[in-house]
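What follows draws every value from the coordinates through simple rules; no lab data is involved. Note that the coordinates shown come from a computational prediction; the quantities given were computed from them, not determined experimentally. Positions of Cβ are backbone-derived with ideal geometry, glycine not excepted, and every protein chain shown enters the neighbour counts.
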Amino acid sequence: MRRRRERGFVLVAAGIMLIAVVAVVAIAIEVARLTHTATEVQVAADASALGAAVASAHGATEGSAIQAGRDVGSTNFANGAKVPREGVSIQPGNYDPTRAVGDKFHGGDTPHNAFKATVTLTDVQYLTTMLISSQASTPVQKTAVAAPDCPSDGVANFPMTICDSYLTEGQPGQQCNDQPRLAQVTPTGGQAACWTSLGTGSASSSTFAALLPQVCGGNGGVDVAVGNPIELQNGALNSFLQTVQCCVLCKDQHKFTVPVVQCSDISGSNGCNGQAATVIGLATINIASYQDVLLTGGGTNNCRNIYSGCTGPMGDGKINNVNSPMSGIYVNQTCNTGTGGHGGGRCFGESTVILGQF
Amino acid sequence: MIELGIVVVVFAMLTMGAVQFGHAFMVLNMITHAARDGAHTAASWAEREANSCGRLPAAVTTAGASNPVEQAVRTEITTVYAGSLNVSVCQGNDGTEACPSGVTVPDAPNCGSPANPVVMVNVSGCVPYLLNVLGLGTSCGGGQRGFTVNRTVWFRDEKRA
């Protein structure tokens, strides 16, 4: 009698359990899928914010930078389709990394140095939850802020380091201005600068030339990061300076990126005598004219020996150098925006764009 | 006993389905993240070809083991999926292009004014199912079946005006 009453219990229990398990599975799939959609929307927001900040760093007006950010954001895909352009909004504002988390970006505040992008997909259809809910879709919204920062790594393409006291240091996001010409930079002991192989180990004039930008016939430089040790050297290196002089004249290459070290690493008895120093940042130097490269002994530098077809000041590719008491270069510190690399470095005129915290 | 057998089979199928979908979305998420990081790395790649209007060096745009961006993307994906996916890096001018073809950035001074200078990273291929008792899906090679993935992420090229 009792058994007959229990008959069918498993079926009923299984039915109830099945509904519960199906609901749990449906929710699990829905959450996983919405999480993935949220990732795609976040990617579009990152691309939008960076797009606006990069365009601004390249000199675009604020309005154009915002349009550029919206263009890039709406190029990306989310939820199986291109992100609608009207779903991308970008707000300029002020970003200060020293403010507390949650308060770093002030929308609308001046000076405008950052962009906050908000990407919204208004109608992301549910796949399975509509079975247990009357709601058919949900909005998905993500935000990102892109702000200027100073790079902690980058490509150095000039085998020289300048020490920090001789350079002007700013703050992330601060307006950068090209600086006046420095006193002659003469890489010898007790000076503002040293030669360097941009790594550990020494180098000569010929290997120094290989570190120059490709336009100068070099390999384009090497990656340098804050904290890296670089070996310091001194010497006249007239042969290398002649290459630099010709590259400035014949190839119209004036800007070079150098690592920055602390002056205490190269001053006094330390000099540039083969010891190592630690990179603390990157700076871009400008050699305005071939005449800013000075050579002991002077003499004629025939640039056609390096760059065939170079015309030079007299049309024959030759530079007649006056005799300088010391070999060296006159440079000025210059601004270099959009240099790539990671943020978090000290600011000697280089600037990159990073995705910041709010 | 028969009912119990049916219930166990149905529950097992549902559980395996949930695990499979969860794994698939996790892999998709990882691939999207990796493509994003790759695109950002390539877009901010400092070194460009000499005398060009910001053309990425061949080492970055040519597929292979020596491509640093491709390797970074693969390293990021390896933690969840060690199979072979195609990773391509290329540049575009207006955001309508797709990898691997993209556009060839000209030599200076003929740079023009691209409407939307972007760098793209595309990750595509076949991801095998984790649990595939029914033998469904696309052939991934090696006797495995799975689902196809095709993710492209566009970032503004930081070295082109």
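What number comes out for the charge environment of residue A:143, summing +1 per Lys or Arg and -1 per Asp or Glu over other residues with Cβ under 13 Å away? Before the final figure, lay out each step's value.
On the way: positive: A:104, A:116, A:142; negative: A:46.
The answer is +2.
Tell me the angle of helix B:2-43 to the major Cα principal axis of chain B, expressed in degrees between 0 and 90 and rounded to the nearest ten.
Orientation of helix B:2-43: about 10 degrees from the principal axis.
Expressed as an acute angle from 0 to 90° and rounded to the nearest 10, what is the orientation of the C-alpha long axis of helix B:68-78 relative to the principal long axis of chain B?
Approximately 10 degrees, to the nearest ten.
Using the beta-carbon distance between residue B:98 and residue B:71 and R0 = 30 Å, what value does 1/(1 + (r/R0)^6) give for FRET efficiency, to the nearest 0.05?
Numbers: r = 22 Å, r/R0 = 0.72.
Efficiency at R0 = 30 Å is approximately 0.90.
Can you give the mean number of other chain Cβ atoms that lie within 10 Å of the Cβ atoms in peptide A:26-36? Mind showing how you got there, number by number?
Values: counts 2, 1, 6, 7, 1, 2, 9, 4, 1, 4, 8.
Per residue, the number of nearby Cβ atoms from other chains is 4 on average.
In this model, which of A:82/A:116; A:116/A:255; A:255/A:318; A:104/B:159 are farther than 29 Å apart at the alpha-carbon?
A:116/A:255
Listing B:55, B:156 from the residue with the fewest other Cβ atoms within 10 Å to the one with the most, what is the order?
B:55, B:156
Please determine, in degrees from 0 to 90 and to the nearest 10, the orientation of helix A:62-73 with respect to the longest principal axis defined by the Cα atoms of chain A, where the helix direction is its Cα long axis.
Between helix and principal axis, roughly 60 degrees.
What's the local net charge at residue B:125, with K and R +1, D and E -1, over the other residues with C-beta under 12 Å away?
Summing Lys/Arg as +1 and Asp/Glu as -1 gives +2.
Based on the alpha carbon coordinates of chain B, what radius of gyration and maximum Cα-Cα distance (Dmax) apply, in Å?
Considering chain B through its Cα atoms, Rg and Dmax are 20.5, 81 Å.
Taking amide hydrogens as modeled 1.01 Å from N in the peptide plane, which residues meet the under 5 Å criterion relative to residue A:182, leaving out close sequence neighbours?
A:331, A:332, A:333
Give the residues of the stretch B:129-153 whose amide nitrogen is closer than 17 Å to a point set 7 Å from the Cα of residue B:9 in the direction of its Cβ.
Once the point is set 7 Å along Cα→Cβ of residue B:9, B:133-135 turn out to lie under 17 Å by backbone N, inside the stretch B:129-153.
Using a Gaussian network model on chain A with a 10 Å cutoff between Cα atoms, which of A:40, A:62, A:30 fluctuates the most?
In this elastic network of chain A, the residue with the biggest mean-square fluctuation among A:40, A:62, A:30 is A:30.
Counting other beta carbons within 10 Å of each residue's own, what order do B:159, A:104 fall into, fewest first?
Working: B:159 22, A:104 19.
With the sparsest Cβ surroundings first, the list reads A:104, B:159.
Expressed as cubic angstrom per residue, what is the convex hull volume of the alpha carbon set of the protein assembly as shown?
Once divided by residue count, the hull of the protein assembly as shown is 190 Å³.
Sorted from fewest to most neighbouring beta carbons within 10 Å, what does the list A:90, B:6 look like?
By the 10 Å Cβ count, ascending: B:6, A:90.
Using helices alone, what [θ] at 222 nm do you get for chain A, with -39,500 (n - 2.57) per DSSP H run of 4 or more residues, divided over all residues and rounded to the nearest 500? Working shown, then result.
On the way: 5 runs with 84 residues, N = 358.
When only DSSP H runs of four or more count, the value is -8000 deg cm²/dmol.
Per Stokes-Einstein, at 25 °C and 0.890 mPa s, what whole-number D in µm² s⁻¹ belongs to the stretch A:2-148, with the Kirkwood radius over Cα pairs as the hydrodynamic radius?
Once the numbers are plugged in, D ends up at 138 µm²/s.
Quick one: net charge around residue A:311, please, counting Lys, Arg +1 and Asp, Glu -1 for every other residue with C-beta under 15 Å from its C-beta.
+1
Calculate, for residue A:100 and residue A:134, the FRET efficiency according to 1/(1 + (r/R0)^6) with r their C-beta to C-beta distance and R0 45 Å; round to the nearest 0.05.
So, using R0 = 45 Å, E works out to roughly 0.65.
Using a basic spin-label model with each label point 7 Å from the Cα along Cα→Cβ, how many nm lie between residue A:35 and residue A:225?
Label-label distance for residue A:35 and residue A:225, simple model: 3.0 nm.
Applying 1/(1 + (r/R0)^6) with R0 = 51 Å to the Cβ-Cβ distance of residue A:308 and residue A:110, what FRET efficiency is obtained, to the nearest 0.05?
0.45
Compare the Cα positions of B:123, B:80, B:46 along the charge dipole of the stretch B:8-161 (+1 at Cβ of Lys, Arg; -1 at Cβ of Asp, Glu; about the Cα centre) and return the one farthest towards the positive end.
It is B:80.
Could you work out how far the C-alpha centroid of the stretch A:152-170 sits from that of the stretch A:236-277, in angstrom?
10 Å
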